[in-house]
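The numbers here are math on the coordinates, done by the rules we state, and not lab data. A quick note: this is a predicted structure, and the numbers were derived from the prediction, not measured. Every residue, glycine among them, receives a Cβ derived from its backbone with ideal geometry; neighbour counts consider all protein chains shown.
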Amino acid sequence: MTTPLLSVENLQTQFETAEGTVRAVDGISFDVHEGETVGLVGESGAGKSVAISSVLRLVESPGEIVGGEIRFRGETLLSFEEGPNGERRQSPESLSNKEFRQRIRGREIATIFQDPMESLNPVFTIGSQLQEFIEINRELPPKDARDVAIETLREVDIPKPEDRFDDYPHEFSGGMRQRVLIAMAIACQPSLILADEPTTALDVTVEGQILNLVSDLQEEYGTSFVWVTHDLAVVADICDRVNVMYLGQMAEQADVHDLFDNTKHPYTEALLQSVPRPDKTVESLTPIEGVMPEAINPPSGCRFHPRCPDARAVCREVNPEPRNVSDTDTRHNAACVKHDAFDVDYEHSTPIQSEGDEFGEDLQVTEGSR
Amino acid sequence: MAAETEETEDQEYESRVGASYMLSRLLQDTTARISLILIAIISGMALFAFVDAEFLDYRLAETYLYHPLRNNAGTRPLLPPVGLSNQFGDGVLAHPLGTDTRGRDIAVRLLYGSRIAIQIALVSTTIGVVVGTTVGAVSGYYGGWIDDVLMRFVEILYSIPFLVLVIAFMAAFGRELIYAMIGVSIISIPIFARLIRSEVLSIREETYVEAAQAAGVKDRNILLRHVIPNSFAPVVVQTTLQMGTNILIVAGLSFLGFGAQPPTPSWGQMLSIARNYMLPAPWFSVWPGLAILITVMAFNILGDGLRDTLDPRLEN
Amino acid sequence: MSHLRYTIKRLLQAIPVLIGITSITFLLINAMPGSPVEVMLGPTASEELIAAAEERYGFNQPIHVRYVKYILAALGGDLGRSIHYGVPVTTKILERLPVTLLLLASSFAFALSVAIPLGIVSARRRNQPVDHGSRVVSLIGVSTPNFWIGLLLIIVFGYHLQVLPSNGLVMPLTPISEVEGATSRLDVLVQTVRSLIMPTIALGTLQMAAVSRIERSSMLEVLGRDYINLARAFGVKESVITRKHAFRNAQLPVVTIIGLQLTSALGGAVLTETVFNINGMGRLIIQAVRTQDYALIMGTTLFFGVMFVIGTLLTDLTYAYLDPRVTYEGED
């Protein structure tokens, strides 16, 4: 097997708050290969965005990456080791912050932010912002960077890019701003783009256009993508492989077709059941029972067990790591003890009540209401 | 079911903005706690001085301390404070902060000066809050020409440098305390009017206010029951900070001779006397300023603390 | 072009404000006990004499007539004569105005040049010792009466160390012969700077503290914005982010605060000029009130109003220059 472009192993990021430590990302692992689009799916608060920020080292205080290893093309970007007093600290193989900024950010790994209205600096023209990133990451003189900037704006279908170059963000619509953000990412010619729910804030029609645009651009440049979303329709549309996150941990990781057709984790199942589809009436939708607990005080055992229809007593005890549960050659990881790969005697454990039984049906998946 | 949820949410919300909740959160902050204690002490001093001066003709002062307005049995004027004087022995602590130009005890005069500071600041801030809130709420809620007229007027008041405004006002009506209070109230009004108006403008667009309007609730009731209570937090913060500002303004006015007239002591006026003795008795200029600084700082710290407590968005 | 239009629009908006200021002052002055004529002629003047003088100066006319007359004359540059000084009010004001403007300019320059770096460093090193230190300094700064700072400075540097003059302000264009010990223009300028130091610190400290507080919180707010994170994500250096990407945005609330600080600075000028015996507008207005010099009170108040209006206009224009969104909102 080839070396993955990006490999994240057992990544842990936590936030120290007055109420206690929030383990927003609690030991997730995933790979991204060249030319691939990988989905990162989950409800709000599942830790998707924090995972993305962690890869880019953009986690801000009081947040901190406390463990795990991140490799890019086999090179260690971040790893941890045991210090002399038993504390965990960044190992010397990790890239220094300066090197990371100069070599990785923008050049190798670019990003598209979630909120196009907030992600552009209101007091500079979009052209100057785009040009600056190109100058830094492609080491072009200002004149050439400007040409590249205008060319890239044209590529993301901004009409009359020469004229719009000197316009300010407030003179653009949301969809147009998102195109500018995409232009920023591709103009730096990175090998990987981390897209953090880039279409969530947009109208459905605009979302469609942006998704098409991204697909086209990916075909053209062969850039890899990590696409963070809560929208399974988007996942089905553009992703090759999918990682489903729940409360800071991975629930299921599979090829996109496997995930939809041969779902292995009750949470993914529940997510799929709750999404409206043309072939189902609204009445036949099944909401996920309960709400996702807060990461500050996660449930014991499997974190999904309080909402899980398949929960049994053993689920309170065991917090499973994702394991390969595939019936075929392709890998298909799931973190659910109902599979035989987990030898915890699920079969003979007593079923337990899930939250949904107590609360009735007025609580639904909270995602998507933003 | 739905109604029940709403009610519990309401209660929860109220308890979150409620006074006791606020206080308990505020008290977790050490500096805020200290500032509250300071304000309590200063207010206690002011109250003591107020009662003694207004109702007891300084009998308490005369019995337990010194008379703040008169020399006490031939005490030497400009006696240095403890530590600076060479006279150790009996009565070294008799005048811990020294005496003023007429041999009056400075500590006692500072105590009675606190009354003027707190009294004027409290009265003028209160008038400013009440009038300003009303003007701002009406202006913001009704909009249109009412808004135009009121806001233009507020802007004019705002445009006259406040010290100049109060001085002109006191020149016209007299230099008595009451006019200082009214003058300082007038300059506090625009600050609260503007604050409330901008709050109201944003709240007016909220769904629950629109719902109340649609349901036919009277304007006055909407204003009183929904709009004003929801602007509560910024007003509390601004009121606290304005207390400090007003104490500074009152001190400045007294320093210029507009305010409490001698022999009634006020901090600003004590400084203006001390100013003529900076060479022989520099310490005389220190105490009243220190009193102003500590008092104003206590209100500023409390205001900052309240802001952090009431408005988590503005974390520091 | 749009900036010009914006300026004109703001200037037009200032007109009602100035009318308001003059009418309020006019009303206040007319509420004063006694009439200007009585003050002018002194307590011994007979009633006939007073009546005759009132007739002659038009004081027996109704207040609105006198107000309109005053405004019309003021538009023609005539603000009346100062009874106390015996010269036209405009002459007196033009003599004093540069002094106050110099004092204000130097104290704002001091305030901003200290406050902006202080606030930025504080925000960048949040909750570190340097941040705590600067927050304590600004807290004390906003809580201290400026005239007291002035007194303490005079005691220490004027009387004890005797390194700085504690009286008056030497204007840079004063004739060399009138400045003690000066033999060249350079000497005069040195004296100007020396005489400015203490009044500047006294008057500027409040502004400095207020601006550094807002600079810090504004910078903190901006540094947490998505667009700053975006710049970081694209490899922009932290120093460039502070200097370029965050700086301009962070100055917007600062400019607003400076505009609001203007009234307090003008009021502070009155006190500072009193403490340092500087013959500026502030002492002039106090003098005018003490001597019941009606025309002078009107004139100085009007000029304070004009200074405020111009100051606000300057801050508004700075804001519009910094924030490209403003001009468009202003044109609706």
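The Cα trace of the range A:223-339 gives Rg and Dmax of 14.4, 45 Å, the first to one decimal, the second as a whole number.
Helix B:2-17 against the longest principal axis of chain B: what's the angle in degrees, Cα atoms only, rounded to the nearest 10? Taking the Cα atoms of chain B, the angle to B:2-17 is about 20 degrees. Once C-alpha pairs closer than 8 Å and six or more residues apart are averaged by separation and normalised to the residue number of the range C:141-263, the relative contact order reads 26 percent. Above 16 Å, the calculated P(r) of the range C:205-284 contains 60 percent of its Cα-Cα pairs. For the range C:258-303, the relative contact order comes to 24 percent (Cα pairs under 8 Å, sequence separation of at least 6).
Filter A:Lys48/C:Lys237; A:Lys143/C:Lys237; B:Lys218/C:Lys9; A:Lys48/A:Lys143 down to the pairs with a C-alpha to C-alpha distance above 31 Å, please. Exceeds cut-off: B:Lys218/C:Lys9; A:Lys48/A:Lys143.
A Förster radius of 60 Å, combined with the Cβ-Cβ distance separating A:Glu75 from B:Val130, puts the computed FRET efficiency at roughly 0.35.
Give the Rg/Rh ratio for the protein assembly as shown, taking Rg as the radius of gyration of the Cα atoms and Rh as the Kirkwood radius, to two decimals. That ratio is 1.05, to two decimals.
Note on B:150-160: average number of Cβ atoms from other chains within 10 Å of each residue's Cβ is 5. With each label modelled as a point 7 angstrom along the Cα→C-beta vector, the C:His3-A:Glu16 pair spans 4.7 nm. For chain C, the relative contact order works out to 26 percent when only alpha carbon pairs closer than 8 Å and six or more residues apart are counted.
Legend: ranking of residues C:Ser107, A:Ser274, C:Ser217 from fewest to most surrounding C-beta atoms inside 10 Å; resulting order A:Ser274, C:Ser217, C:Ser107.
For peptide C:265-276, the mean count of partner chain Cβ atoms within 10 Å of a residue's Cβ comes to 4. Net charge dipole, the protein assembly as shown: roughly 6240 debye, given to the nearest 20, about the Cα centre with Cβ charges of +1 for Lys and Arg and -1 for Asp and Glu. The modelled label-to-label distance between C:Glu95 and A:Ser96, using points 7 Å beyond Cα along the C-beta direction, is 6.7 nm. Assign one of three labels to the range B:134-280, namely rounded, prolate or oblate, based on the Cα gyration tensor with a ≥ b ≥ c the square roots of its eigenvalues; rounded applies when a/c is under 1.5, prolate when it is not and a/b is larger than b/c, and oblate otherwise. Note, shape of the range B:134-280 comes out prolate.
Per residue, chain C reaches -24500 deg cm²/dmol at 222 nm when only DSSP H runs of four or more residues are counted, each adding -39500 (n - 2.57). Give me the log10 of I(q) over I(0) for the range A:40-79 at q = 0.33 Å⁻¹, as the Debye formula computes it from C-alpha points; what are the numbers? So the normalised log intensities are -1.14. Couplings 3J(HN,Hα) for the range C:280-288, derived from phi with the Karplus relation 6.51 cos²θ - 1.76 cosθ + 1.60 (θ = phi - 60°), are x, 4, x, 5, 4, 5, 4, 4, 4 Hz, where x marks Gly and Pro. Placing one equal scatterer on every Cα of the range A:119-189 and applying the Debye formula, the log10 ratio I(q)/I(0) at q = 0.17, 0.19, 0.21, 0.26 Å⁻¹ is -0.50, -0.63, -0.77, -1.21.
With q set to 0.08, 0.10 Å⁻¹, the log10 of I(q)/I(0) for chain A, from the Debye formula over equal scatterers at the Cα positions, is -0.43, -0.67. Counting only DSSP H runs of at least 4 residues, each contributing -39500 (n - 2.57), and dividing by the residue count of chain B, the helix-based mean residue ellipticity at 222 nm comes to -23000 deg cm²/dmol. Mean per-residue shielding of peptide C:136-149 is 6, counting Cβ atoms of other chains within 10 Å of each Cβ. Could you tell me which of C:Gly235, C:Gly282, C:Ser264 has its Cα farthest along the dipole of the range C:195-299 towards the positive end, charges placed at Cβ (Lys, Arg +1; Asp, Glu -1), taken about the Cα centre? With unit charges placed on the Cβ atoms, the residue in question is C:Gly235. For the range B:185-272, GluC sites (Glu not before Pro) meeting the loop criterion (DSSP other than H, G, I, E, B) and having at most 15 other Cβ atoms within 10 Å: B:Glu205, B:Glu206. Taking the C-alpha atoms only, the angle from helix A:174-187 to the longest principal axis of chain A is near 80 degrees.
The magnitude of the dipole of the range C:89-322, with charges of +1 and -1 set on the Cβ of Lys/Arg and Asp/Glu and taken from the Cα centre, is near 760 debye. Convex hull volume of the C-alpha atoms in the range C:89-322, normalised per residue: 147 Å³. For A:Thr37, the amide hydrogen comes within under 5 Å of the amide hydrogens of A:Phe225, A:Asp240, A:Arg241, counting only partners 5 or more places away or on other chains and with H modelled in the peptide plane.
Residue ranges B:47-57, A:249-259 sort as A:249-259, B:47-57 when ordered by packing (mean number of other C-beta atoms within 10 Å per residue, highest first). Between 0 and 90 degrees, the angle of helix C:185-223 with respect to the longest Cα principal axis of chain C falls at about 50 degrees. A Cβ-based charge dipole, computed about the Cα centre of chain A with Lys and Arg at +1 and Asp and Glu at -1, lands at about 820 debye. Annotation: amide H of A:Ala251 within the under-5 Å range of A:Val244, A:Met245, A:Tyr246, sequence separation 5 or more or interchain, hydrogens built in the peptide plane. Computed as a quarter of the hull surface, the mean projected area of the alpha carbon convex hull for chain B stands at 20.8 nm². Note on chain A: dipole from Cβ charges, positive end direction compared against A:Ser300, A:Leu5, A:Ser61; the farthest Cα belongs to A:Ser61. Note on the range A:93-139: Kirkwood hydrodynamic radius from all Cα pairs is 12.2 Å, rounded to one decimal. Sorting the segments C:181-189, A:80-88, B:135-143 by their residues' average number of neighbouring beta-carbon atoms within 10 angstrom, most packed first, yields B:135-143, C:181-189, A:80-88.
Placing pseudo-labels 7 Å out from each Cα toward the beta carbon at B:Ile37 and B:Gln261 gives an inter-label distance of 4.2 nm.
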